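Since the structure comes first, as structure tokens, the remarks are kept for the end.
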Amino acid sequence: MQTPIIFSPSPYADFMQQTTVKVGDLDFHVEIGGKEDAPVILLIMGLGAQMLLWRDFFCKGLIDAGYRVVRFDNRDIGLSSKMREKSPRFSQAQLMARFTFGLKTDGALYTLYDMANDTKGLLDALGIEKAHVIGGSMGGMIAQILAANYPEKVATLGLLFSSNNRAFLPPPYPKQFNALTGRPDSQDEAGLVKHSLKLFAAIGTPDQSTEEEKIEFARTLYRRSYSPAGVMRQYLAVLTTGSLRAEGEKITAPTIVLHGSEDRLLPVAHGRAAAKAIKGAKFHLISGMAHDIPKGYTPLLVKLFTQHIKSHSKP
């Protein structure tokens, strides 16, 4: 007999409830909002990103559109389980070369396939037979694997500023890559908030929030959880998984791909490549948007995702 899942109010969004769900040996921190009988949208976040990067205003927009929204921390990040084993050492030059050619590299603690299995297990544990899945960045890569290998769990698929990592896609711009992979000046709150602000400025859409809002959000993320080793293990998971082009070719779920024209972390060619590999996928270029979920763009993002879902849902 399955143990009942106990929910409590979220400390971050008063319209969502939080809980912890066990999948195998790992615990996953989850937040759910919206009516219990509403169609479910599962949100999968990206590299080193806590579930709060699915911003409250974006989740609220989906809920107000009539959906039940699930966001969660991936393994090794946020309030979900952290892996305790040490990561194996790789030759960075060889690893990057193989990644450029779309090749898989063995030996990592886990890959994106393991994270897709986490996500499938999470849906099962929550009693969700089928969901509309939206993945952002690395989360979009996980979503492609999920849709390809567990088609019965994915009603529709949405990819946001993501990629399929096929061979010879353009690399991130140096400024954005260095901001993502660089180390903070210090490990205290001030140093880590400063580092986050630098990252937000490098990869985010300009003029979408005040400096005070950015500082407060960076503090919230730091105080909630700080896991640099987990970020590195997720980074290795991306690099060692290799090209997902063959997975994309297996996907049957109706798919929409949204990508910002100003994305310098995963340039537009990444989103186009993912859309091209998936039969019937629709690609939308969002003018002026970069690699984030800006408040000013949220109504458009919600509209495009929910219109796609509705157009492929039974009356």
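Quick one: putting +1 on the C-beta of Lys and Arg, -1 on the C-beta of Asp and Glu, what dipole do you get for region 8-311 around its Cα centre, in Debye to the nearest 20?
Roughly 820 debye for region 8-311.
I want the antiparallel fraction of DSSP beta bridges within region 8-311, as a percent rounded to 5.
40
In whole Å and largest first, what semi-axes does the C-alpha gyration tensor of region 113-174 yield when each eigenvalue is scaled by 5 and square-rooted? Write out the running numbers ahead of the final one.
On the way: eigenvalues 120, 23, 19 Å².
In descending order, the three semi-axes are 24, 11, 10 Å.
Using only DSSP helix segments of four residues or longer, with each worth -39500 (n - 2.57), what per-residue ellipticity at 222 nm results for the chain after dividing by its residue count and rounding to 500?
Computed mean residue ellipticity for the chain: -12000 deg cm²/dmol.
Holding the Cα-Cα limit at 31 Å, pick out from K279/K314; K104/K310; K153/K175 the pairs that are longer than that.
Violating the 31 Å Cα-Cα cut-off are K104/K310; K153/K175.
Which whole-number percent is the relative contact order of region 22-132 (Cα, under 8 Å, 6+ apart)?
This gives 33 percent for region 22-132.
Between region 51-95 and region 212-267, what is the C-alpha centre distance in whole Å?
That distance is 8 Å.
Can you list the GluC sites (Glu not before Pro) in region 66-153 that are in a DSSP coil and have 14 or fewer other beta carbons within 10 angstrom? Walk me through the numbers on the way to the answer.
Numbers: sites: E85, E129, E152; in loops: E85, E129.
Here the GluC sites (Glu not before Pro) that fit, given the DSSP loop and packing criteria, are E85, E129.
If contacts are Cα pairs under 8 angstrom and at least 6 residues apart, what is the relative contact order of the chain in percent?
Over the chain, the number comes to 20 percent.
Compute a Gaussian network model of the chain, connecting alpha carbons closer than 10 Å, and tell me which residue from G242, G296, G127 fluctuates the most.
G127
FYI, it's all coordinate maths here, none of it is from the lab. Just so we're clear, the structure is a prediction, and the values are computed from it rather than from any experiment. No Cβ is skipped: glycine too gets one built from the backbone with ideal geometry, and neighbour counts run over all protein chains shown.
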